Amino acid sequence: KPAVLATKSVAGAEPLSTEERKTLSHPLLSLFSSWDNFTFSPIRESTVSRAMTRRYFHDLDTYTESDITIVGAGSAGLSCAYILGTLRPDLRISILEAGVAPGGGAWLGGQLFSAMVMRKPAQIFLDQVGVPYEDEGDYVVVKHAALFTSTVLSKVLQMDNVKLFNATTVEDLITRQDQETGEVRIAGVVTNWTLVSMHHDDQSCMDPNTINTNVVISMTGHDGPFGAFSVKRLVSMKQVQQLEGMRGLDMGRAEDAIVKNTREIVPGLIVGGMELSEFDGANRMGPTFGAMVLSGVKAAEEALKVFEL
Ligand code: AHZ
């Protein structure tokens, strides 16, 4: 066979010598001496179904009473989950994400470009989570937004006290009204599988499910097919008169405002990330993500502070 030459130009990597190539070893390569006799352990189809459904329904049962529920697993929601899950392994934290793929808009840096920009001091979060970056002075660059999202996601998913329900939409908020003061408090969320939610117009009788929780943290992004869910619902339930609506792009103003104003906006409901811009009338920042991670941190702080959990 003609020799296939290795790529010559990978920066910083010396091409392997002929001798090195001949003696390459990896525990997985030596595991199977002959692929001809290879076979998997036996399994019955129902065993696979049971392995999945038993765990899923056990989780549904467990997290139907959560301490904290985060709505939206974008960059803000995941950052918040990372802090809360790390700080408080004793709390039960559910994350509800309408999409099949968690991560929201943070799989790309901006437009269809890979690199993700974060202004300082948001690199502190990257240091904590262990995401490498290039330091450019006032800002840092992660070489691929997917590296940020997949790293945070993998840490959050490994936490014993956090459960991500993806492909699950929050369709409504659970409310409790104080008999004396009339004050309405958010006491949980109403959920449905996203594919079900999308068919309410052509199928009937698809009532939802519920999660009771002490704190809802809503980070559903700015207005869009799903976005700004909780703040829009606050308007239709007459808790606020109208939304201010997200303003034009101004990176300098937008990022500071989102972080500083991440807060409990009605009792039991903390709002952060770009959802907050719809409530407050804040500017958007476009493709710079520092405010999303630090809004997540601030939301975590607010949750622990306000509710003294
Ligand atoms: O699918 C949504 C996305 O993953 C999810 N979501 C929205 N409504 C939901 C609902 N139930 C469950 N009712 C829901 N999940 O929320 C996630 C929001 O992620 P995102 O990336 O859209 O928002 P973010 O605030 O985390 O990050 C915003 C990133 C942006 S937008 C922007 C600009 O337009 O200027 N700049 C930045 C950095």
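Find out how many positive minus negative residues lie around Val231, taking Lys and Arg as positive, Asp and Glu as negative, among other residues whose Cβ is under 14 Å from that of Val231.
-3
Counting heavy atoms of the protein chains only and a 1.4 Å probe, report the per residue accessible area for segment 101-255 as a whole number of Å².
56
Based on the Cβ-Cβ distance from Arg176 to His200, what FRET efficiency comes out when R0 is 22 Å, to the nearest 0.05?
My answer for the efficiency is 0.30.
Could you please tell me the mean projected area of the C-alpha convex hull for segment 170-309, averaged over all directions and given in square nanometres to one decimal?
So the Cα hull casts an average projection of 9.6 nm².
If I model a spin label at Val306 and Leu28 as a point 7 Å from the Cα along the Cα→Cβ vector, what separation in nanometres do I get?
It is 4.5 nm.
Computed from the mean reciprocal separation of all distinct C-alpha pairs, what Kirkwood hydrodynamic radius does the chain have, in Å?
Evaluated on the chain, it is 21.6 Å.
Can you tell me the length gained on complete extension of the stretch Lys143 to Ala115, counting 0.36 nm per residue apart and subtracting the Cα distance?
Length gained, Lys143 through Ala115: 9.6 nm.
Find which of Val10, Gly99, Asn37 sits farthest along the positive direction of the dipole of segment 3-127, computed with +1 on the beta-carbon of Lys and Arg, -1 on that of Asp and Glu, about the Cα centre.
Result: Val10, furthest along the dipole toward the positive end.
When the Karplus curve 6.51 cos²θ - 1.76 cosθ + 1.60 is applied with θ = phi - 60°, which whole-Hz ³J(HN,Hα) does each residue of segment 82-93 get, with x for Gly and Pro?
4, 5, 5, x, 6, 5, 10, x, 8, 9, 8, 10
Work out, step by step, the length gained on full extension between Lys260 and Asp127: first 0.36 nm times the residue separation, then minus their alpha carbon distance; give nm to one decimal.
45.7 nm
Provide the gained length on full extension for the span His58 to Glu244, in nm with one decimal, where the gain is 0.36 nm per separating residue minus the Cα-Cα distance.
62.9 nm
So what is the relative contact order for the chain, in percent, with contacts set as C-alpha pairs under 8 Å and at least six apart?
It rounds to 19 percent for the chain.
So if the hydrodynamic radius of segment 70-133 is defined as the Kirkwood radius over C-alpha pairs, what does Stokes-Einstein give as its diffusion coefficient at 20 °C and 1.002 mPa s, in µm² per second?
Roughly 163 µm²/s, to the nearest whole number.
How many nm is it between the label spots at Ala13 and Asn209, if each spot is 7 Å from the Cα in line with the beta carbon?
Going from the Ala13 label point to the Asn209 one covers 4.3 nm.
What percent antiparallel are the DSSP beta bridges of the chain, to the nearest 5?
That works out to approximately 50 percent antiparallel.
Which of rounded, prolate or oblate describes segment 81-178 when judged by the alpha-carbon gyration tensor and an a/c cut-off of 1.5?
Prolate.
Where does each of 27-37, 132-142, 109-119 land if you order them by average Cβ count within 10 Å, highest first?
109-119, 132-142, 27-37
Mind ranking 254-262, 214-222 by how tightly packed they are, going by the mean number of other C-beta atoms within 10 angstrom, highest first?
The densest-packed peptide leads the list: 214-222, 254-262.
Can you order the peptides 171-183, 67-79, 276-288 by their average number of other Cβ atoms within 10 Å per residue, highest first?
Highest-to-lowest ranking by the protection proxy: 67-79, 276-288, 171-183.
When only alpha-carbon atoms count, how far does segment 1-90 stretch along each of its three principal axes, as whole angstroms with the largest first?
Here the Cα extents, ordered largest to smallest, are 63, 42, 22 Å.
Using only Cα atoms, locate the centre of segment 128-175 and the centre of segment 206-270, then give the distance between them in Å, rounded to an integer.
Their Cα centres are 19 Å away from one another.
The values are calculated or read from the model by the stated rules, or taken from the named source; none is laboratory data. Note that this is a predicted model, so its numbers are computed, not measured. So basically every Cβ, Gly included, is an ideal-geometry build from the backbone, and we count neighbours across all protein chains shown. All accessible areas refer to the heavy atoms of the entire protein, side chains included, with ligands and DNA or RNA removed. Shrake-Rupley method; radii C 1.70, N 1.55, O 1.52, S 1.80 Å.
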